[in-house]
Amino acid sequence: MELEKFTSFEVRVGDINYGGHMGNDKALLLFHDARIRFLKEFECSEKDLGNGVGIIMAEAHVYFLKEIFLHDKLWATVSVSDITTASFVVNYSFIRENDHKEVLKGSTRILAFDYQRQKVARIPGEFLGKMKK
């Protein structure tokens, strides 16, 4: 099952490194921002997928496909796949608006996490239901 949402971003001066393009550390920040927006669409947050269960990132993959420059406008596609009882994968794809090229993609494996107990938890049924629509 894969569910997609779209959002847009503009590359800021703080995203640019001494090479004149986006720094590699900024990709995960873009992923993070896109994930927050994605979850908000489903009335969820990183702190609460439902029943007080939050999330924690277990793994990340980043692939720069093209250089990304200051003021580039990027369209992000965010989707969820590989849903299990305690984890899911969030997939990210960023397309540059002016040339329609995919410039950045990647994924993060997310674990449901109970911060009170400090351990992995089951994904709440309500969240699973929203992801499987």
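Any read-out appearing in this document is the output of simple, stated calculations on the displayed coordinates, not a laboratory observation. Computed from a predicted structure; not experimentally measured. Neighbour counts are summed over all protein chains in view; Cβ atoms, including those assigned to glycine, are modelled from backbone coordinates with ideal geometry.
Residues in the stretch 37-54 include none that are of a type in the set (V, I, T) and either surrounded by fewer than 17 Cβ atoms within 10 Å (Cβ to Cβ) or in a loop (DSSP other than H, G, I, E, B) (or both).
Contact annotation: residue pairs with Cβ atoms under 8 Å, 6 or more positions apart or on different chains, pairing a residue in the stretch 45-63 that is at positive phi and touching a residue at least 24 places away in the same chain (Cβ under 8 Å) with a partner that is of a type in the set (A, V, I, L, M, F, W, C) and not in a strand (DSSP E or B), are G50/C44; G50/F127.
What number of residues within the stretch 105-133 are hydrophobic (A, V, I, L, M, F, W, C) and part of a helix (DSSP H, G or I)?
Final tally of qualifying residues: 3.
F31 fails exactly one of the following numbered conditions: (1) in contact (Cβ under 8 Å) with a residue 60 or more places away in the chain; (2) assigned to a helix (DSSP H, G or I); (3) over 11 Å from the mean Cα position of the chain (by Cα). What is the number of that condition? The failed condition is (3). Selection of the stretch 64-101 for residues being buried (at least 18 other Cβ atoms within 10 Å of the Cβ), part of a loop (DSSP other than H, G, I, E, B) and not aliphatic (A, V, I, L, M) yields only D72.
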